[in-house]
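The values are calculated or read from the model by the stated rules, or taken from the named source; none is laboratory data. Keep in mind that what you see is a predicted model, and the values were worked out from it rather than measured. Quick reminder, even Gly has a Cβ in these numbers, built from the backbone with ideal geometry, and neighbours come from all protein chains shown. Keep in mind that these areas ignore ligands, DNA and RNA; they rest on the heavy atoms of the full protein, side chains included. Shrake-Rupley method; radii C 1.70, N 1.55, O 1.52, S 1.80 Å.
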Amino acid sequence: MTNDDLATFIETSDEWIKSRTGISQRHISHVNTSELASVAAQRALAAAGIDGSEIDMIILASASPDTLIPNIASTVQANIGASCAAFDINAACSGFLYGLGLASSQIKSGQSKKVLVIGAERLSFYLDWSRRETAVLFGDGAGAVVVEATDVAGGVLGYELNNDPEGRDILKAGFGTAMDRFSAESLDFFIEFDGQEIFKRAINGMNKLSTKVLEKCGVDKDEVDLVIPHQANERIIDTLVSRMKIPKEKAFVNIANYGNTSAATIPIAICDALEQGVIKPNQTILSCAFGAGLTSAALLLQWGNRVTPINISDAKLPPCDKTGIELVKRAVDYFCKP
C-alpha cells in the first residue's frame with residue numbers, strides 16, 4: 001500500500017510522508033502473523049540447509065500474535081515439523097534482537113545447538129486509520145534466522161538489552177486483560193505514541209547500548225563495517241549514526257519499501273542486505289533497536305564466510321486477490337467514518 005493509496009482516505013501526501021519518515025510504501029497482510037512467521041522460518045531453514053526436526057528451540061518475537069493462548073511459536077513449530085522448546089516474546093520493536101541475544105546465550109551455555117529466531121508482525125491490526133501519525137508508519141512482515149553453534153571464531157560477539165519504564169506510556173496500544181471485555185468501547189484499541197519523545201529516547205537508548213556493546217567487545221566504531229538498525233524512521237537512523245560518528249553509507253536502510261514492521265524490521269533488512277550483496281564475508285555488523293516499553297537492544301556480530309543460501313525454499317504465502325486498500329477497507333470505514 002503506497003503513500004498515494006493512504007492519501008485516498010487520510011489527509012496526507014507522498015511528499016509529506018517521505019520527507020518525515022523515509023517511507024514510500026508498506027505491506028498489508030492477508031494472513032495471520034503465524035503464517036507470515038512460518039514462511040519466513042521455512043525459508044530460513046532452507047537457507048541454512050537444515051530440516052525443522054534439527055531445531056532445538058524456537059523464539060518468536062511479536063507484539064501482534066494471532067493468539068495470546070497458545071503462543072504462535074507453537075504454530076510455527078507444527079508447520080516446520082520441529083520437536084523442541086517454542087515460545088513467544090514481546091519486546092516490541094526490539095524483540096528480534098532480544099531473541100537473538102537469548103539464542104546466543106542458549107548456544108554458548110551448551111543448552112542448544114540450533115535455534116530458530118523469528119520476528120513477525122501484523123501491526124495493521126492495531127491501526128486507527130484516521131490517525132495519520134501512526135497510520136503512515138507501520139506495516140506487516142516477517143523474517144527469520146537460524147543461529148547455530150560453531151567452532152569457528154565469530155558469530156554473536158556480544159549484546160546489550162535494556163528497558164526504560166518511565167517511557168512505557170508514550171508508545172502503547174490498549175489491548176489486553178485490562179480491557180473491559182463487556183464494553184464495546186474497549187474494542188477501539190489502537191497504537192498511540194508521542195513522536196517527539198520517542199525520537200529523543202530512541203536515539204539516546206540505541207546510542208548508549210551500541211556504545212556499550214562496542215566497548216564490551218573491544219571493537220572500535222571505525223571497525224564496524226555495516227550497521228543494520230531498526231527501521232522505524234529514516235530521520236532517527238540518520239541522527240543515530242551521525243551522533244555515533246559512523247559514516248551514513250555504513251547504515252543499511254530499507255524502510256522505504258516496508259515501513260516500520262516492528263520486530264520484523266531487522267531480519268527483513270538482513271535478508272535484503274544479503275540479496276543486494278551488501279553483507280560481505282566476515283564483516284563486523286552492529287544492529288540496534290528500540291520499541292515500546294521502552295525497550296532497547298544492541299548486538300554486535302561477525303558474519304561468517306557464507307553469504308548465499310544453501311537451498312532455496314518454495315514456501316510462500318497463498319495468493320491474495322485484494323489490494324492493500326481493499327484489505328483495510330473495513331477498518332478504514334470503521335475508523336474514518338464521519
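How much accessible area does ASP164 have with a 1.4 Å probe, in Å² rounded to the nearest 10?
50 Å²
First select every other residue whose beta carbon is under 14 angstrom from the beta carbon of LEU45; then total the charges, Lys and Arg +1, Asp and Glu -1.
Its environment carries a net charge of -3.
For CYS320, CYS288, CYS217, give me the order by solvent-accessible area with a 1.4 Å probe, most accessible first, ignoring ligands, DNA and RNA.
CYS320, CYS217, CYS288
Rank these by accessible area, largest first, 1.4 Å probe: ASP5, ASP169.
Numbers: ASP5 50, ASP169 100 Å².
Sorted descending by solvent-accessible area, the residues read ASP169, ASP5.
How many angstrom separate the Cα center of region 1-46 from the Cα center of region 229-263?
17 Å
Give the residue list of GluC sites (Glu not before Pro) in region 1-86 that are DSSP loop and have at most 14 other beta-carbon atoms within 10 angstrom.
GLU11
If you count only protein heavy atoms and use a 1.4 Å probe, how large is the accessible surface of ILE236, to the nearest 10 Å²?
Taking all protein chains as shown, ILE236 has close to 10 Å².
Where in the chain is the longest stretch that carries no trypsin sites (Lys or Arg not before Pro) classed as loop by DSSP and with at most 10 other Cβ atoms within 10 Å?
Counting only loop sites that pass the neighbour cut-off, the longest clear stretch is 1-180.
Helix 234-243 versus the longest principal axis of the chain: what angle, 0 to 90°, nearest 10, using Cα atoms?
40 degrees
How tilted is helix 265-275 with respect to the longest principal axis of the chain? Cα atoms for both, answer in degrees (0 to 90, nearest 10).
The two axes meet at around 60 degrees.
How would you classify region 111-252 from its alpha-carbon gyration tensor, with a ≥ b ≥ c the square roots of the eigenvalues: rounded for a/c under 1.5, else prolate if a/b is greater than b/c, otherwise oblate?
prolate
Express the carbon and sulfur contribution to the solvent-accessible surface of region 48-174 as a percent, rounded to the nearest whole number, probe 1.4 angstrom.
47 percent
Looking at this model, which pairs from LYS250/LYS316; LYS221/LYS248; LYS172/LYS200; LYS208/LYS245; LYS221/LYS280 are more than 20 angstrom apart at the alpha-carbon?
Where the Cα-Cα span goes over 20 Å, the pairs concerned are LYS250/LYS316.
In what sequence, highest mean first, do 278-285, 56-63 appear when ranked by Cβ atoms within 10 angstrom? Please report the intermediate quantities before stating the final value.
Working: 278-285: 15.6, 56-63: 27.0.
So the peptides 278-285, 56-63, ranked by packing, come out 56-63, 278-285.
For MET179, MET244, give the ranking by accessible area with the largest first, probe 1.4 Å. Could the numbers behind the result be given before it?
Values: MET179 45, MET244 20 Å².
The most accessible residue leads, giving MET179, MET244.
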